[in-house]
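The values are calculated or read from the model by the stated rules, or taken from the named source; none is laboratory data. Note that this is a predicted model, so its numbers are computed, not measured. Every residue, glycine among them, receives a Cβ derived from its backbone with ideal geometry; neighbour counts consider all protein chains shown.
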Amino acid sequence: MSNVSEQKLPFWHGVEPYHWMVFLGCWMGGIFDGMDSNLFAVILPNAIQELSHSADKTVISQMGSQVTFLFLIGWTLGGIVFGVLGDKLGRVKAMVLSILLYSLFTGLAGFAQEGWQLAICRFLTGLGIGGELVSISTLLSETWPERSRAFAVGSLLSSYQVGVFISGVITSIIHDWRMAFFVGAVPALLAIFVQTKLHEPDKWHQSKEIKDTLPADDKSHPLKDIFTPEFRGSVTVGAVAFGGLLIGYWASLAWIPTWIQDLVGPGGTGQEKSIATMYHGLAAVCGCLLSGYLADLLGRRSTIMVSYLGAFLVSWWMFSTVKEFSQWIYVFDAMLGFFIGIAQAIMYVYLPELFPTRVRATAIGFCLNAGRLSAAIAALYVGLVVSFFHGYAGACLAFSMSYLVAVLAGIWGRETRGEPLPD
C-alpha cells in the first residue's frame, strides 16, 4: 500500500481489541495519578490547619511546604526506581506495584493525626505516582501500532488532566479533607483488575532474551547505561525539556489555588479555586488530545517549542496583568492548561522515541524526574520564594521562565517524526 493511501486510513486501522485494553488500563491509571497528585494542592490549607492546630498562615505554609517537598522527592525517586524496575522486571509488573503503592497511601493519608504521618503518606504516594507515569507511557508506546502511536500516547496524557479535573470536582463537593483522600484511594484500586489482564510487550521480551544470553561481564545496569556517550545527549535534552515543564507547571498548579484564594479574600464562595482547577484540567485534556496530531503535522521539536512558548506567554499575561479576582482568571487558567497539556503530552510521545527498549523505561524515568528536584527545593522554601517575589503571582511569573529553557532544549533535540520506535 502506498504511503498516500496509508495516510488516508483512520488512525484506528490495525488497532486490535487488546491494544484498546492496554490503552484503557493505562488511561485509568493516568486518571488516578492526576487525581491523587492534585488533591493535596487543593485541600492543603484545610488539612494543614487541622493537623497543625493553628490558623497562622506562616505555620500552615511551613508545614505545607515540608509535606509537598517530601511528596515531590518521592515522585522523583519513584520515577527513577520504577523506571529501572520496568526495564528489569517488566512494564506491567512495575505498573501494578506502583498503583498499589499510591492508592494505599492516598487512603491512609486520610487517617493522619500528625503532620509527620501525612508527610510519610504523601512521600509514598509520590513514589507510586512517579513510578506509574513512567510505566504507562512506556507500555503503551511499545504496544500500540506504529502508524498511530503518537496520537495514542498523546491522548493517554489526557488521563492525567482528567484526573486534575476530577480532583477539582471532588473538592468542590467534599469539603472534608479526610474524606477527599478516602475517595482518592477507591477508584485507583479498580484499575488493578484491568492492568493485571495485560502482558509484557513483545519488544520487552525480545530485549530481555538478548540480555539473558550475554555473559555476566557484559551486563550493565540501565541507570549507568543512559549516561554513556550513546545516550547522554538525548538524556540531557529530555531532562532539560521536561524539567522546564516541571518547574513552571508545578508552580502554577501548586500556587494558583492559593493565589486565587488570596485574590478572592473573605467575600468569595470558597469554590473559586476548585472551579479554576476544573477549567485548567478540561483545557489540558484538549491540549493532550491535540498533541499527537501536532506532533505528526509539525514534528516533535516544533510542537515542543510552540507549546512551551505558549505556556510562558499565557503565564506572563496572567500573572503580570491580573490584580484582582474576575471571571477572566478562569479563561487564563484554561489557556495555560491547554498549552501545558500539549507540552506534557508531546514529551511522553517524544521520549520513548529517543531510546532503545533495553534502557527505555530507565531513561524516561530519569528525564521525567530529573528537574523535579528543583520544584521540591522550591516547595521546601515556598515562604521565602513567595516573599522574595512579592507574592504568589510574582513567584509563578518567575518560575514560568523555565518554559523558555525547555524551548531551547527543543531546538537542540533530535527530530524523530516518521522514525520507528528503536528496538
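Structure data summary
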{"item": "Helices (runs of 4 or more DSSP H) contained in the stretch 222-299 and holding at least 2 residues more than 30 Å from ASP87 (Cβ to Cβ)", "result": "229-264, 272-298"}
{"item": "Out of ALA180, ALA191, sole residue that is closer than 28 Å to ALA119 by Cα and either modelled with pLDDT under 85 or out of contact with any helix residue (DSSP H, G or I) (no Cβ under 8 Å at 6 or more places or on another chain) (or both)", "result": "ALA191"}
{"item": "Hits in the stretch 177-201 - residues which are in contact (Cβ under 8 Å) with a residue 24 or more places away in the chain, surrounded by fewer than 20 Cβ atoms within 10 Å (Cβ to Cβ) and not aliphatic (A, V, I, L, M)", "result": "ARG178, PHE182, PRO187, THR196, LYS197, HIS199, GLU200"}
{"item": "Residue identified as in a helix (DSSP H, G or I), at negative phi and over 13 Å from the mean Cα position of the chain (by Cα) among GLY29, GLY25, GLY79, GLY34", "result": "GLY25"}
{"item": "Test: residue in the stretch 38-50 that is out of contact with any Pro (no Cβ under 6 Å at 6 or more places or on another chain), farther than 23 Å from ILE166 by Cα and of a type outside the set (Ser, Thr, Tyr)", "result": "yes"}
{"item": "Pairs with Cβ under 8 Å, 6+ apart, first in the stretch 286-301 and on the phi > 0 side of the Ramachandran plot, second surrounded by 24 or more Cβ atoms within 10 Å (Cβ to Cβ) and in a helix (DSSP H, G or I)", "result": "none"}
{"item": "Of residues in the stretch 1-42 being of a type in the set (Val, Ile, Thr) and modelled with pLDDT of 80 or more, the one nearest to MET95 (Cα to Cα)", "result": "VAL22"}
{"item": "Any hit, the stretch 336-351, residues being within 20 Å of GLY90 (Cα to Cα), under 20 Å from the mean Cα position of the chain (by Cα) and small (Gly, Ala, Ser)", "result": "no"}
{"item": "All positions within the stretch 394-423 that are aromatic (Phe, Trp, Tyr) and part of a loop (DSSP other than H, G, I, E, B)", "result": "none"}
{"item": "Neighbours by Cβ (under 8 Å, 6+ apart or cross-chain): first from the stretch 374-397, within 10 Å of TRP259 (Cβ to Cβ); second of a type in the set (Gly, Ala, Ser) and surrounded by 20 or more Cβ atoms within 10 Å (Cβ to Cβ)", "result": "VAL386/ALA395; ALA395/ALA251; CYS396/ALA251; CYS396/SER252; CYS396/SER315"}
{"item": "Qualifying residue in the stretch 139-149 (condition: modelled with pLDDT of 80 or more, in a helix (DSSP H, G or I), buried (at least 19 other Cβ atoms within 10 Å of the Cβ) and among the hydrophobic types (A, V, I, L, M, F, W, C))", "result": "yes"}
{"item": "Enumeration of residues in the stretch 300-321 that are farther than 21 Å from GLY413 by Cβ and crowded, with 17+ Cβ neighbours inside 10 Å", "result": "VAL314, SER315, MET318, PHE319"}
{"item": "Test: residue in the stretch 51-67 that is of a type in the set (Asp, Glu) and surrounded by fewer than 17 Cβ atoms within 10 Å (Cβ to Cβ)", "result": "yes"}
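The rows are residues; the columns are (1) in a helix (DSSP H, G or I); (2) in contact (Cβ under 8 Å) with a residue 24 or more places away in the chain; (3) surrounded by fewer than 20 Cβ atoms within 10 Å (Cβ to Cβ); (4) among the β-branched types (Val, Ile, Thr).
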residue	(1), (2), (3), (4)
SER155	yes, yes, no, no
VAL162	yes, yes, no, yes
THR171	yes, yes, no, yes
TRP204	yes, yes, no, no
SER207	yes, yes, yes, no
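Listed here are the residues, each with its yes/no results for (1) in a helix (DSSP H, G or I); (2) within 19 Å of the chain's Cα centre (by Cα).
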{"position": "SER54", "(1), (2)": "no, no"}
{"position": "SER61", "(1), (2)": "yes, no"}
{"position": "GLN66", "(1), (2)": "yes, no"}
{"position": "VAL96", "(1), (2)": "yes, yes"}
